[in-house]
């Protein structure tokens, strides 16, 4: 299994960060990594997510939302072809660390037979850079 985990402090309440993160219509206007998100924001439902790590081609996934806890957690799981081939579980955790200050952790766990091949080297580094760029853009937008 491979994992990417990034963190940032945002000078805004978790509710504000959540509102920006889950306003799917506005995602393309500020997010340099997740270029679009569409679909219902409800557990068990499938959404469409288009990501573009820096220097990499865009990729479209249709994950299932596992957790939707407003102002606390958004988590989804998706994969390629069949379960166990290449799977990813992406999450955003929001924690109020002080009034008007949110700790955001964005992470993804990659598993499956092809995970070590697909998520290695430059692709793994580009995806991590995409997470960091998104976190910084979310901070700017929410503050």
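Pairwise inverse Cα distances across region 83-130, averaged and inverted, put the Kirkwood hydrodynamic radius at 12.5 Å. Between 51, 34, 97, the GNM of the chain built on Cα springs shorter than 10 angstrom shows 97 fluctuating the most. Between residue 41 and residue 15, the modelled label-to-label distance comes to 1.4 nm, taking each label 7 Å out from Cα in the direction of the beta carbon. Any chance you could give the angle, 0 to 90 degrees and rounded to 10, that helix 121-142 forms with the longest Cα principal axis of the chain? Taking the Cα atoms of the chain, the angle to 121-142 is about 20 degrees.
The convex hull built on the alpha-carbon positions of the chain has an orientation-averaged projected area of 7.7 nm².
FRET efficiency for the residue 82 to residue 105 pair, using the beta carbon distance and R₀ = 22 Å, is estimated at 0.15.
Where a number appears in this text, it was derived from the coordinates with a stated rule and is not lab data. The shown structure was predicted, so the numbers you read here are calculated from the model rather than taken from an experiment. Cβ: placed from backbone, ideal geometry, glycine included. Neighbour counts: every protein chain shown.
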